[in-house]
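S.K.: For reference, the structure I am asking about is given below.
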Amino acid sequence: MFDRELFRKGDPAVFRRLVREVSPRMLGVIRSYASDDDHADELLQESWVQIYRKRSRFSGKGSFVGWAMAVTRNVCRMSSRSTSGMLRAGLGDYAHIPDVAPGPAARLRERRRANALHAALERLTKREQQAVVLRLLEGRRTSEVATLMGIREVSVRSLIHRAIRKLRRMQSLKRAITDAERLR
């Protein structure tokens, strides 16, 4: 997968590649701990900081992904512990502020959609996954995705087109979206 010695030395190219390839899987774990997308981003960033700091502890005997997921779970657990003892304000102090947060049903719908999309993305090729995540989910420009993947822009567009065509044909994804819509 990668050169362990370069990883232990903190080689930037190795880390960039690992961040691109492993972050979507880490987000799957993080989302069960995070209160919202911003919190998930913070936990992902803190997980990579800890991975970088603890890189000398990775023995290379197991998989890097397994080790990175363990670090991520520990970061999430520590975050949960540190926020559980926070001082809370009384509801009366903020009664005049309207609650615009989505309710439990809306959050459940979004979670089901996200889980269905994640499962569908896993059925794409690695290159298709990477192109879709970088371009459509992260919102990067096609030229930037091409540079990151080491391919031409036309190839990025082709990968995304092919991936979307496959996603549209996936019945499990269609069912999950339809079920989520019915819950409205």
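The values are calculated or read from the model by the stated rules, or taken from the named source; none is laboratory data. As the structure is a computational prediction, the values presented were derived from the model and not from experiment. Counting neighbours? That spans all protein chains shown, and the Cβs are built from the backbone with ideal geometry, glycine included.
S.K.: Select from segment 116-138 the residues that are outside any helix (DSSP H, G or I) and surrounded by fewer than 17 Cβ atoms within 10 Å (Cβ to Cβ) and write down the one among them that is modelled with the highest pLDDT. Break it down stepwise before answering.
M.R.: Residues of segment 116-138 outside any helix (DSSP H, G or I): 123-125, 138.
If we keep only those that are surrounded by fewer than 17 Cβ atoms within 10 Å (Cβ to Cβ) as well, we get 123, 125, 138.
On the way: R123: 89, T125: 93, E138: 81.
Top of the filtered list is T125.
S.K.: Just a yes or no: is a residue in segment 84-94 part of a helix (DSSP H, G or I), at pLDDT 85 or above and of a type in the set (G, A, S)?
M.R.: Taking segment 84-94 first, the residues part of a helix (DSSP H, G or I) are 84, 91-94.
Filter once more, so that each one left must be at pLDDT 85 or above: none.
No, segment 84-94 has no match at all.
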